[in-house]
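What follows is calculated from the coordinates using simple rules that are stated; it is not laboratory data. Here the structure is a predicted model, which means the values were calculated and not measured. Positions of Cβ are backbone-derived with ideal geometry, glycine not excepted, and every protein chain shown enters the neighbour counts.
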Amino acid sequence: MQKKDFESALKVNQGIEQPPAINPYLKNFYKKNRVKLLSEDEYVEGITSGNTSILSQAITLVESSKSDHRAMAQKIITRSIPHAVKSMRIGITGVPGAGKSTFIEAFGSLITNKGHKLAVLAIDPSSEKSKGSILGDKTRMETLCNDPNAFIRPSPSSGSLGGVAQKTRESIILCEAAGYDVIFIETVGVGQSETTVHSMCDFFLLLMLAGAGDELQGIKRGIMEMSDLIAITKADGNNKDKATLAKALYKNALHLFPPTESGWVPTALSTSSVTKLGLEEVLEKITEYFDMAHKSGYYLHKRREQSRFWMYETIQEELKEHFFENEIVKNSILDYESKVLHGEISSFAAATKLMDLYKSQI
């Protein structure tokens, strides 16, 4: 039986050419919308007058990797120091999910309602894969973002915690020159970043979550040792009893640590960003700490010690940058890297060889 040819009812139309992955007009968009650099005088005048737009541009210069931007930023910082107000620098950290952004918005609103000007500087960790950061802290603080007495600035870590910490410290000076008398330095998670943030703040606030395992595990992290106050968050609804229990456990745990250099006795409080429970008590404790630190002279002592610490940290950062910018190092480092990857030389020997090459040029 002869097989008949059937025509299909389906008809495939020729597709259209796919657009490029990158918008060809993107370059022109950035050229059109690029912010023009101001003069040094305009930056200083804008910052000291409280212009948040110019303050943001100045912080962008601080965070820039371009040498000319960094040079201008250093001049702006030097001229801004005499205008800086004496502020309360408060480091805020906590376990993931503790509600740091929600707490900062509720607590920050309380502070601005008391007549203070608040700046929030958030260190946002960059992705190890894409090297990018979402910088999404502002999206969680809608109320605080619209507060005229609040300024929120997230900064990417860009894989270099020490570098971004140095830039954050410089940003603090600019914020103080703009009249912000309360500075929040927020970091995400627990680890090395907390140690670094502790070196640039006056008061260290640790947010903990009740019912997330054994509360005494916090002792092992060493993070509690640096804390001036522990706030148990989300103490509302069905979680209220758990938060009360966690507060008692942390209070007992804090007694196991040796006395602090300042003479301050850390404690624990339970808080709720929803019901505003405990927020006034947190502010009272912070105020009490600063009154004590000012009277005893510890406030100035700690600031001086931090300045000395950051002098050495800056030297290390500058040496590291100068090392990798050295022409001989640039020309040799890939060759040594290849040898290390192929097992021809150990990583330590390669580093020593590169250091010898660098020192021969000094």
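The table that follows gives values for the structure above.
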| read-out | value |
| --- | --- |
| Full-extension gain in nm, Glu344 to Ala248, via 0.36 nm per residue minus C-alpha separation | 28.8 nm |
| When the convex hull of its Cα atoms is projected in every direction, mean area for segment 242-362 (nm²) | 14.1 nm² |
| Förster radius 30 Å - calculated FRET efficiency between His69 and Glu142, Cβ distance, rounded to 0.05 | 0.45 |
| Alpha-carbon spread of segment 293-362, three principal axes, descending order, Å | 61, 25, 14 |
| Exposure proxy ranking, count of Cβ atoms within 10 Å, fewest first, for Tyr180, Tyr299 | Tyr299, Tyr180 |
| Set Lys86/Lys302; Lys86/Lys276; Lys320/Lys359; Lys75/Lys167; Lys75/Lys117 screened for pairs whose C-alpha atoms are more than 22 Å apart | Lys86/Lys276; Lys75/Lys117 |
| Which of Val329, Val12 has the fewest Cβ neighbours within 10 Å, and the rest in rising order | Val12, Val329 |
| Percent of C-alpha pairs per 10 Å bin, segment 35-83, short to long | 29, 63, 8 |
| Per-residue Cβ neighbour rank within 10 angstrom, fewest leading, Val340, Val120 | Val340, Val120 |
